[in-house]
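The values are calculated or read from the model by the stated rules, or taken from the named source; none is laboratory data. Here the structure is a predicted model, which is why all the values come from computation and not from measurement. Here the Cβ positions follow ideal geometry from the backbone for every residue, glycine too, while neighbour counts run over all protein chains shown. For accessibility, only protein heavy atoms count, side chains too; no ligands or nucleic acids. Shrake-Rupley method; radii C 1.70, N 1.55, O 1.52, S 1.80 Å.
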Amino acid sequence: MQADFKLYYDRLTLVMTVTVTVVSFLIHLYSRGYMEHEGGYYRFFAYLNLFLFMMLLLVTAGNYLLMFVGWEGVGLCSYLLIGFYFRKKSASDAGKKAFIVTRIGDVGFTLGVALTFWTFNSLDFQEVFARVSTLLLGDHETTLTAICLLLFLGAVGKSAQLPLYVWLPDAMEGPTPVSALIHAATMVTAGVYMVARSSGLYAHAPLALETVGAVGCLTAFFAATIALAQNDLKRMLAYSTISQLGTMFVGCGSGLFAGGIFHLMTHAFFKSLLFLGAGSVMHALSGELDMRKMGGLRHKMRTTFWTFLIATLAISGIPPFSGFFSKDQILTGAYLGPLGHPWLYWLGTLTTALTAFYMFRAVFLTFFGPLRLAPALADDVRESGPKMTRPLVVLAVFSAIAGYVSLPKTFGGTEWFDRYLNPVFSSSESFLHSTAEKALASGPSEGILMAISLAAAAAGILAAYWFYMASPELPDRLAVKFSGIYRAVVNKYYVDELYDWLVVRPVRAGAENFMWRKMDEVAIDGVMVNGTAAVAAGAGNILRRIQSGNLRSYAAWVLLGTVVWLAYILLRP
């Protein structure tokens, strides 16, 4: 096998490298102020830059093997950065959890790469996709489906989709700039990029592509319901990221790969802004993250408030902010795309309403209402310094205008972003359109679908205002009335406890009772180590009796040896 150290640069690579480097640059600037009083300052930036290098290697790789190097590299760096405060047990545990859970997905990715080489005798993107493009409909469909599903398993782990999403909320134990980098520009977007880069494979495996869309849609809704009741600001944003990544996979799974990448780009700006805004709040409140203990901060942190509000409007899908254009392109494709299904659109629209609700819940609890801070803390709250606020302003500008690069034709635009990526995805999307059972134009118009999703977002905002501004006692009453449902959502449907019961405890018990008690103590220590030592000691005791220092004894042993040797010589046949 030969796999060159080959870098491949096309329009998709350009979009990814620009997005990654711009967002990472602003996070680096922000980190100078956020980390200036922290220990391990130089170690932090060494890890951060290694993280960026590995992500850039991943997106510029020209074959699956080199992509795998970057893929594992960002996994290593996430472990180092999530567990940056390694003296804190929760941080070190979170780093290990991220590393182990993503390794489960990486097993699938490794098998997918191996099966790709076994099938095409190459791992080079251009060679593999060129050979796939010559296949007729149905040729090697089972093999291609297996390859795509195995590759997607890697994306499920890396991009935190059901059921391997559990590591991402715990990743909040790392410094806030790390959270922004992981959630916006690196690591979790790797899975979406990999699926988009492999569009030539997925187009010939429609079952695998529909699986991508279905898993993404279910994950988006599932994570959004958990975010509804999270009181930790950063953990709420973590579940929001899981939900938004699911939306990107819906775009790819519907056959609109450019739409998935478009949302990846806009999401990078407003999600990094949200995390950095949360870090600014956390910085001002001496590490406090419970939104129930905040309130009224818009008067004390004006820059943070306005930039956070812009990002919230963008992620909620409110025009004219960037998230509206990318989200609605995906939702429209979920209904009208070559592999779209109405249920994807309606569940995605419901997720949009939930997103608007929990994001404005965070805005109202954090920045509005009366101050709920401790009196001693309230007097010391002030806006973060310019090292932290200037990157917020730049990201707010991108969050507001980035969507205009693909203004839809419904608004008189040219969908320039889609046309720009057309050379990358045109053959794959054309093949899907030619083999799909329905035409792209079937179903409601794009304008009607946009209006419905916009109405859902508006309903979510109004509901959040009603719950947390107009009638702030209402959430507590509903929590008591629907206590069972509320407890399930607050406890994240007990998924972590289920994993602990089904996986962690059996593995720990097996490690203790079998690997330690039986294998280590009995087999290794008892037989191999102590047993070998006992044999050596016994042999030494016997030989010690021979080496007595008595000349008559030595002569007797020499005589005995001679007799035995002569007997052997004389008696052998």
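Tabulated results
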quantity: Neighbours by Cβ (under 7 Å, 6+ apart or cross-chain): first from the range 535-564, over 26 Å from D525 (Cα atoms); second of a type in the set (A, V, I, L, M) and open to solvent by less than 90 Å² (accessible area, probe 1.4 Å); calculated: W557/I546
quantity: Residue tally, condition within 13 Å of the chain's Cα centre (by Cα) and closer than 19 Å to V405 by Cβ, over the range 234-259; calculated: 2
quantity: Boolean, V495 is in contact (Cβ under 8 Å) with a residue 40 or more places away in the chain and hydrophobic (A, V, I, L, M, F, W, C); calculated: yes
quantity: Matching residues in the range 514-537 - criterion: being of a type outside the set (A, V, I, L, M) and surrounded by 11 or more Cβ atoms within 10 Å (Cβ to Cβ); calculated: F514, W516, R517, K518, D520, E521, D525, G526, N530, G531
quantity: Only listed residue being in contact with a helix residue (DSSP H, G or I) (Cβ under 9 Å, 6 or more places away or on another chain), on the phi > 0 side of the Ramachandran plot and not in a helix (DSSP H, G or I), chosen from G413, G369; calculated: G369
quantity: Any chance F84 is touching a Pro at 6+ places or on another chain (Cβ under 9 Å), among the aromatic types (F, W, Y), touching a residue at least 12 places away in the same chain (Cβ under 8 Å) and over 26 Å from L12 (Cα atoms); calculated: yes
quantity: Whichever residue in the range 102-123 is in contact with a Gly (Cβ under 8 Å, 6 or more places away or on another chain) and buried (at least 21 other Cβ atoms within 10 Å of the Cβ) and, among such residues, is farthest from L150 (Cα to Cα); calculated: T102
quantity: Given (1) part of a helix (DSSP H, G or I); (2) open to solvent by 10 Å² or more (accessible area, probe 1.4 Å), index of the condition R382 fails; calculated: (1)
quantity: Any pair with Cβ under 7 angstrom, 6 or more apart, that starts in the range 334-354 at a residue that is closer than 15 Å to I318 by Cα and open to solvent by less than 10 Å² (accessible area, probe 1.4 Å) and ends at one that is hydrophobic (A, V, I, L, M, F, W, C) and in a loop (DSSP other than H, G, I, E, B); calculated: none
quantity: Of all residues making up the range 1-47, the number that are closer than 15 Å to L57 by Cβ and either open to solvent by 10 Å² or more (accessible area, probe 1.4 Å) or in a loop (DSSP other than H, G, I, E, B) (or both); calculated: 9
quantity: Residues within the range 276-330 that are assigned to a loop (DSSP other than H, G, I, E, B) and among the hydroxyl-bearing types (S, T, Y), tallied; calculated: 2
quantity: Residue tally, condition over 18 Å from I182 (Cα atoms) and free of Cβ contacts under 8 Å to residues at least 12 places away in the same chain, over the range 37-74; calculated: 4
quantity: Yes/no for A362 being among the aliphatic types (A, V, I, L, M) and open to solvent by 10 Å² or more (accessible area, probe 1.4 Å); calculated: no
quantity: Helices (runs of 4 or more DSSP H) wholly inside the range 189-235 containing at least 2 residues that are open to solvent by 10 Å² or more (accessible area, probe 1.4 Å), touching a helix residue (DSSP H, G or I) at 6+ places or on another chain (Cβ under 7 Å) and closer than 16 Å to L256 by Cα; calculated: 206-227
quantity: Some residue of the range 360-380 being touching a residue at least 40 places away in the same chain (Cβ under 8 Å), out of contact with any strand residue (DSSP E or B) (no Cβ under 7 Å at 6 or more places or on another chain) and under 25 Å from E210 (Cβ atoms); calculated: no
quantity: Residues satisfying the stated conditions in the range 60-74, i.e. surrounded by 22 or more Cβ atoms within 10 Å (Cβ to Cβ) and in contact with a Ser or Thr (Cβ under 7 Å, 6 or more places away or on another chain); calculated: Y64, V74
quantity: Unique match (being under 17 Å from L331 (Cα atoms) and without any contact (Cβ under 8 Å) to a residue 60 or more places away in the chain) among G251, G216; calculated: G216
